[in-house]
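Comments concern the structure below.
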Amino acid sequence: MRARTLVSVVLAVGMLAGGCAALAVWSAPEKAPSPERTALAVRVDGLFWQTLHGGEFQKIPEALTALKAAYLENPNDAVTAAHIGWMHVWRLAERARLASEPRDPGITDHAVLARKYFEEAVRLNPREARYLGFYASLLMTEGAIHKDEKLRRRGYYTMREAVAAWPEFNYFTAGYGFSTQPHDSPRFREGLEYQWLTLDVCVGEKVDRANPDFAKYMRRETKEGPKRVC
């Protein structure tokens, strides 16, 4: 009886606050992850990795076309959404490799699209901290592009959540994002410290800042667990 009463109150408040439109949005089902991946999605995974591992920057548009075709076939696939996001991030991050694009204002569209696809990936798989880290980084990037301090701060604190979830991976993600800041700025110094902290959490102790000899730690290499990214 209590549960029914609570639901009735919520519905009544919804009707008063925003009418039918607000109620319709509130009651819509959440987007759910697909239990299976399509054959096309699995096939274009190969193209994604071939492009990335081969450093074939010039083939990003081709990879994006294939990946987006797979996504449109199944928009509930978190992996495909994230792969699209990573291709857009790569295009933005290494734009200086193309003579025509570094000064093209349209290059910022890659930040917007990357953020959108990582947002979808996080919605579909909120436990994947890598998606959350890139999503946070792109919120900060968009905030900087649009001079939107609220958005930038939202990204900053989302990144802190991502770092807490997987520090070995997301300290690096956060540090890389801040590496574009002026070298004498507080954000650049913070990003540099994140890169040191990446090394610290990987080896379980504070790496010597004056003599960062990592050779002695290489025997700890693993391909399993969170430290596999180290």
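Values for this structure:
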item: Segment ARG37-GLN181, extension gain: residue separation times 0.36 nm, minus the distance between their alpha carbons; result: 48.0 nm
item: Relative contact order of the chain, pairs being alpha-carbon contacts under 8 Å that are 6 or more residues apart, as %; result: 11 percent
item: CD proxy at 222 nm, helix term only [per DSSP H run n ≥ 4: -39500 (n - 2.57); per residue of the chain; nearest 500]; result: -22000 deg cm²/dmol
item: Unit charges on C-beta of K, R, D, E only; dipole of the chain, Debye; result: 420 debye
item: Total formal charge among the other residues, if their Cβ is under 12 angstrom from that of LYS31, Lys/Arg +1 and Asp/Glu -1; result: -3
item: Rg(Cα) / (2.2 N^0.38 Å) computed for the chain, rounded to two decimals; result: 1.21
item: Isolated Cys in the chain, by beta carbon distance under 4.7 Å; result: CYS20
item: Pairs of alpha carbons in the range 161-230 whose separation is greater than 16 Å (percent); result: 51 percent
item: Residue order for ASP45, ASP208 - accessible surface, 1.4 angstrom probe, largest first; result: ASP208, ASP45
item: Convex hull per residue volume in Å³, alpha carbons only, for the range 31-130; result: 94 Å³
item: Candidates GLY106, GLY19, GLY85, ranked by Gaussian network fluctuation over the chain, Cα under 10 Å, top entry; result: GLY19
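The values are calculated or read from the model by the stated rules, or taken from the named source; none is laboratory data. All of these numbers come straight from a predicted model, not from anything done at the bench. Every residue, glycine as well, gets a Cβ built from its backbone with ideal geometry; the counts of neighbours run over all protein chains shown. All accessible areas refer to the heavy atoms of the entire protein, side chains included, with ligands and DNA or RNA removed. Shrake-Rupley method; radii C 1.70, N 1.55, O 1.52, S 1.80 Å.
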